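All of the numbers you see were taken from the coordinates with simple rules; none came from a lab. Every value quoted in this text rests on a predicted model; they were computed, and no experiment measured them. Neighbour counts run over all protein chains shown; Cβ positions are idealised from the backbone, glycine included.
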Amino acid sequence: MLELARILPLDGSVTTIVPSRLDREIDDLATISAHPAPAVTRVLFSPEDLAARQWLTGLAKDAGFHVRADPAGNLFIRWEGSEPCLPSIATGSHIDAIPNAGKYDGVVGVLGGLEAMRQLKEAGHVPKRSIELILFTAEEPTRFGIGCLGSRLMAGTTSPDEARALRDAEGRSLDELREAAGCRGDLGAVKLSTGAYQAFIELHIEQGPLLESEEIDIGVVEKIAAPSAFRLLLKGSGGHAGAVLMKDRCDAFLAAAEIALLVEKAALESGSPDTVGTTGLVEVRPGAINSIPCDVKMEVDFRDTEREARDKALARIGDGTHAICKRRGIEIDWQVINQDPPALCDPSLVALVESKAAAAGLSHRRMISRAYHDSLFMARVCPVTMIFIPCFKGYSHRPDEFSSPEAIAKGVAVLKACLEELSAR
Ligand code: HGY
Ligand code: MN
Ligand code: MN
C-alpha cells in the first residue's frame, strides 16, 4: 500500500503527491541502519552495509541487470550494450554512511543511477556501449580511517599491500572483513586499466549551500577539492590528577588541544578561503577523570581546492606541532593517512551535462566540489564529471540532511539524458 505524502498548502486544499519509486527506495534504504531514524549509520561491511548491498542487488536483478563484485567489494551493476567490447559508460556512488549521517549522501547517486538506467530500459533504449552502475566500497573513512578505499584500489593510488595493512578499531583487516562479506579473489585484480570506462558521471547532493541559496537546479562539477588527513599519536607521562603539580606534567590532551587550535588557525590564515581543517576524532587514554591524559590519538582532515595552499598550511601545522610537543615534553608519531591532489573534470562531459540541463529547462552552474567523492579517483581511470543537486541549507553528514523529491528527480533526468547519449555514441 503506497503511503501517500500529503502536502497541505496554505489555502488548506490537499495536494496528494504519490512518492515515486525512487523516493520509496531512498526511504527503504534509510531503514537499513545501525542507528534509529532519522539518523543513518552504515559502516563498511557492517551487518547493515551487507544487508543494504543485498537489498540493492535484488533491485538491480529485478530490473534485469547483471551484478558482480570485485575482490574489494565494489559492486558493478551492468546493462550489457549491443557492442559490449567497447569501453562502458559508468555512473555510481556509495551507500556506506558515517555514524549519525543522513539518507541522501551517496545514496542519491546509487539509487538515482539505478532509476536512470531503469527508466531508459523501460523506455526501450538499447545502449550500444554497456552502462555500469558502480557501488564503491568504503567511500567513507569510518571503517579503516581512509576514504574512497574502493576507488583508490581501482585507480591504483592505494596498493593491495597498503590496503591489507589497514586495521579497523577492533584490529580487523580488510581481508578478514571482505572475506566474511563473501568478497573473494586477490585485491590486485581490483585495479582498472586507464580507459576501462569511456566516461564516469556521479550524481550527488552538493553537501554545501550554494545551489539552494542561488535557487539553481543543477551543479556541474569542474573540480574536486584536494583532501588530506593525518593521525597523531601523542604520548605524555600521565599520573595522578591530584598528586602531580602542574609544573611537572606532560599532559597529552593539552598538547592535542593546542594542536587542534593550530589546525584551525592554519586554515583561517592560509590565504585561501577554501582551506578547511577539522579535528574530527580525539581519543584520550586512560580516560579517567582523576588521571592525567597519557596517550591521545587525534585524526585531522585538512583540505583545499588548491594543493599548494593546503600543503603550505600543512607544513605550518607540522612545524607548530613539533614545537608544541617539544615544549610540553610529549612524544609524537605523525602518520599521514592521505594527501591527494585535486581532480579536474573533463570539459566535454561538463559541457554535456550543461547541455542536458539546459535542454530540460533546468538552471545550472559550474562549481567546485569541496567534499571528496569516488569521482576524485575515477578521474585517474577515465574522464569524469559530477552532477550536483541542492540540499537543505547544505547540511550533510547529519540526520537532517535533505534533498527534495523534485530536486532528486531533476538530477536523475539530467543523468539519464547523459547516459542515453554517451551509451549511444
Ligand atoms: O568527507 C567527504 O568529503 C565525503 O563526504 N566522504
Ligand atoms: Mn560523505
Ligand atoms: Mn558522498
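What is the distance, in nm, between label points placed 7 Å from the Cα along the Cα-to-Cβ direction at Arg425 and at Lys61?
3.4 nm
What FRET efficiency comes out for Asp186 versus Arg307 if R0 is 30 angstrom and r is the Cβ-Cβ distance? Round to the nearest 0.05.
Calculated transfer efficiency: 0.40.
Taking the Cα centre of the chain as origin, sum charge times position over the Cβ atoms of Lys and Arg (+1) and Asp and Glu (-1), and report the length of that vector in debye to the nearest 20.
Dipole about the Cα centre, nearest 20: 580 debye.
Given contacts defined as C-alpha pairs under 8 Å and at least six residues apart, what's the relative contact order of the chain, whole-number percent?
RCO, the chain: 22 percent.
Could you state the angle between the C-alpha long axis of helix 405-424 and the longest principal axis of the C-alpha atoms of the chain, as a value from 0 to 90 degrees rounded to the nearest 10?
The angle comes out at about 70 degrees.
Round to the nearest 10 and give me the degree value, 0 to 90, for the angle of helix 347-359's Cα axis relative to the longest principal axis of the chain.
50 degrees
Is there a quick way to get the dipole size of the stretch 226-339? I mean about its Cα centre, with the Cβ of Lys and Arg at +1 and of Asp and Glu at -1; what is the value in debye to the nearest 20? Walk me through the numbers on the way to the answer.
Numbers: 15 positive and 17 negative charges, 74 e Å.
Approximately 360 debye in magnitude.
Please compute the length gained on full extension between Glu176 and Ser82, using 0.36 nm multiplied by the number of residues separating them and subtracting their Cα-Cα distance.
Full extension from Glu176 to Ser82 adds 30.0 nm.
Can you give the % of DSSP beta bridges in the chain that are antiparallel, to the nearest 5?
If we restrict to bridges inside the chain, about 70 percent are antiparallel.
If you average the C-alpha positions of the stretch 161-235 and of the stretch 105-124 separately, how far apart do those two centres end up, in angstrom?
21 Å
Any idea which of Ser270, Ile77, Ala101 is furthest toward the positive side of the dipole for the chain, if Lys and Arg beta-carbons carry +1 and Asp and Glu beta-carbons -1?
Ser270
Efficiency by 1/(1 + (r/R0)^6): what FRET value for Ile289 and Leu268, r their Cβ-Cβ distance, R0 = 35 Å, to the nearest 0.05?
Rounded to the nearest 0.05, the efficiency is 0.60.
If you fit an axis through the alpha-carbon atoms of helix 252-268 and take the longest principal axis of the Cα set of the chain, what angle between them do you get, 0 to 90°, nearest 10?
Once rounded, the angle reads 50 degrees.
In whole angstrom, note down how far apart the Cα centers of the stretch 38-59 and the stretch 271-330 are.
If you average the Cα positions of each part, the centres end up 33 Å apart.
Can you work out the FRET efficiency for the pair Ala243 and Lys128, with r the C-beta to C-beta distance and R0 = 51 Å, to the nearest 0.05?
That gives a FRET efficiency of 0.10.
Put +1 on the Cβ of every Lys and Arg and -1 on every Asp and Glu Cβ in the chain; which of Ser228, Ala189, Thr41 then has its Cα farthest towards the positive end of the dipole?
It is Ala189.
Which of Leu352, Met117, Gly147 sits closest to the plus end of the dipole of the chain, meaning its Cα is farthest towards the positive end, when Lys and Arg get +1 and Asp and Glu get -1 on the C-beta?
So the residue we want is Gly147.
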